[in-house]
Amino acid sequence: MEKLRMGLIGCGGMMKSHVRAVPMLQDIDIVAVCDVVRERAEEVATVLNDPVVMTDYHEMVDLVDCVLVALPHDLHYECGMFFAKKGKHVLMEKPLCNSEEECVSLIETCDKMGVVLMCGYPLRFWPELVRLKEELDSGKYGRVMQVSVWTEQLTGADWLERETPDWASSARLGGGQFFSHGCHYVDLLLWFLGEPVKGMHFGTRVGTPWVMREGTSIAGFVFENGALGYHGATWGARGTRLGWDLQIHTEKGMLEYENHSGEARLYNGKIEHIPGEIENAYDYRVLWRRDEKSNKQTQFEIAHFAECIRTGKKPITDGRAALQSLRIIWKMYDAEKAGVIADLRGLGLPRD
């Protein structure tokens, strides 16, 4: 089988995590890497099989079949459109684009050109989360009552005493923490719980002055099936125990995926919160552990992208799926500003 020729665009920290997955992929050959800072592209190239290094992505168009784009968010649309119009498949890092108009235009152009457009939501492809979803769908744990996702990290400690960095401006990010990073977890909640009905969001810049919008965020959702969803996160964590953690409360127990340890756990005791016996609430058994040491595991999403190119199937996280999660976030931003509950019904696009 002839390998797909892939180009990498934007060689900052995010691409460095992606590139660690490349040796695990047998049917993709990275033939070109690009960054406006040549030294960054050269650093990424050192772990690859002698790709062409360049500072202008336009120069790689005749070398590649597909591209992986990890540019600042405000550059996603222009880059994606360039390659789509040239008949090249596009794997775009999240978020897809910074506005609905850009997202729709990119989706429609890729449809017209017959190229694959996929958004980089790697959690959908992690084997341990796929297995967790399958366990829930089996019905053995009863109905899901609530899914909670919490993430904590520090994104800008070295900028605390300096001016606001360019990457954290609203124009560049397209929003705050909820838009830029929370889109991962809105997509995850949609995967686990289905269609949302309503939601609320609150955010603050306290502790994250380098972010022009919220650096800490909480969001709550109600879904059509009666379940609740919650996402809380901060970019200002000065300490962390979880990194990120997923908890799923069901009628027959609580399932947890702790990313730090890579463990999927089942807490299924019938707990009565009696003073002096609260320790019983922490009894659990490990269902399985993550095989991969990396907490990114981007090889699975890249492999899915390649499969879609070869077979013509729609990506699980195609442009339409990506736009739905962004529409939800924009709607919740607007509702927060107006001081009302957001109506989240009917925000998805038809996938056929």
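Could you pull out the residue among 341, 309, 329 that is under 19 Å from the mean Cα position of the chain (by Cα) and either modelled with pLDDT of 95 or more or among the hydroxyl-bearing types (Ser, Thr, Tyr) (or both)?
Going through 341, 309, 329 in turn, the sole match is 329.
Conditions (1) on the phi > 0 side of the Ramachandran plot; (2) crowded, with 24+ Cβ neighbours inside 10 Å; (3) part of a loop (DSSP other than H, G, I, E, B), marked per residue:
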| site | (1), (2), (3) |
| --- | --- |
| 179 | no, yes, no |
| 188 | no, no, no |
| 191 | no, no, no |
| 207 | yes, no, yes |
| 220 | no, no, no |
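Across the range 332-352, which residue is surrounded by the most Cβ atoms within 10 Å (Cβ to Cβ) among those that are free of Cβ contacts under 8 Å to residues at least 40 places away in the same chain and part of a helix (DSSP H, G or I)?
The extreme case among them is 334.
Which residue, of 255, 173, is within 25 Å of residue 297 (Cβ to Cβ), over 18 Å from the mean Cα position of the chain (by Cα), surrounded by 18 or more Cβ atoms within 10 Å (Cβ to Cβ) and in the same structural domain as residue 334 (by TED's automatic domain parsing)?
Step by step, each of 255, 173 is checked, and only 255 is within 25 Å of residue 297 (Cβ to Cβ), over 18 Å from the mean Cα position of the chain (by Cα), surrounded by 18 or more Cβ atoms within 10 Å (Cβ to Cβ) and in the same structural domain as residue 334 (by TED's automatic domain parsing).
If you scan the range 1-24, which residues turn out to be modelled with pLDDT under 90, in a loop (DSSP other than H, G, I, E, B) and surrounded by 17 or more Cβ atoms within 10 Å (Cβ to Cβ)?
Once the filter is applied, which keeps residues that are modelled with pLDDT under 90, in a loop (DSSP other than H, G, I, E, B) and surrounded by 17 or more Cβ atoms within 10 Å (Cβ to Cβ), the range 1-24 yields only 21.
One line per residue, one yes/no per condition, for (1) out of contact with any strand residue (DSSP E or B) (no Cβ under 6 Å at 6 or more places or on another chain); (2) modelled with pLDDT of 85 or more:
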| residue | (1), (2) |
| --- | --- |
| 248 | no, yes |
| 270 | yes, no |
| 278 | yes, no |
| 286 | no, yes |
| 293 | yes, no |
| 297 | yes, yes |
| 304 | yes, yes |
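Just name the residue that is nearest to the chain's Cα centre (by Cα) out of those in the range 177-214 that are among the β-branched types (Val, Ile, Thr) and at pLDDT 95 or above.
Looking at the filtered set, the residue picked out is 186.
Go through the range 57-69 and give me each residue that's under 17 Å from the mean Cα position of the chain (by Cα) and either surrounded by fewer than 23 Cβ atoms within 10 Å (Cβ to Cβ) or β-branched (Val, Ile, Thr) (or both).
Of everything in the range 57-69, just one residue is under 17 Å from the mean Cα position of the chain (by Cα) and either surrounded by fewer than 23 Cβ atoms within 10 Å (Cβ to Cβ) or β-branched (Val, Ile, Thr) (or both), namely 69.
Would you check if there is a residue in the range 87-96 being free of Cβ contacts under 8 Å to residues at least 60 places away in the same chain and not assigned by TED's automatic domain parsing to the domain that holds residue 41?
Looking for residues that are free of Cβ contacts under 8 Å to residues at least 60 places away in the same chain and not assigned by TED's automatic domain parsing to the domain that holds residue 41, one finds none in the range 87-96, hence no.
Can you confirm whether residue 37 is assigned by TED's automatic domain parsing to the domain that holds residue 91, surrounded by 20 or more Cβ atoms within 10 Å (Cβ to Cβ) and not aromatic (Phe, Trp, Tyr)?
For residue 37, the condition - assigned by TED's automatic domain parsing to the domain that holds residue 91, surrounded by 20 or more Cβ atoms within 10 Å (Cβ to Cβ) and not aromatic (Phe, Trp, Tyr) - is not met.
Kindly evaluate residue 181 against the criterion of being touching a residue at least 60 places away in the same chain (Cβ under 8 Å), closer than 23 Å to residue 323 by Cα, touching a strand residue (DSSP E or B) at 6+ places or on another chain (Cβ under 9 Å) and not hydroxyl-bearing (Ser, Thr, Tyr).
Criteria not met by residue 181.
I'd like the residue in the range 222-259 that is among the small types (Gly, Ala, Ser) and outside any strand (DSSP E or B) and, out of all such residues, is farthest from residue 326 (Cα to Cα).
Per the stated criteria, the residue is 239.
Among the residues of the range 308-331 satisfying the criterion of being out of contact with any helix residue (DSSP H, G or I) (no Cβ under 6 Å at 6 or more places or on another chain), of a type in the set (Gly, Ala, Ser) and part of a helix (DSSP H, G or I), which is farthest from residue 120 (Cα to Cα)?
The residue in question is 321.
The values are calculated or read from the model by the stated rules, or taken from the named source; none is laboratory data. Predicted, not measured: the structure shown is a model, and the values here were computed from it. Reconstructed Cβ throughout: ideal geometry from the backbone, glycine too, with neighbour counts over all protein chains shown.
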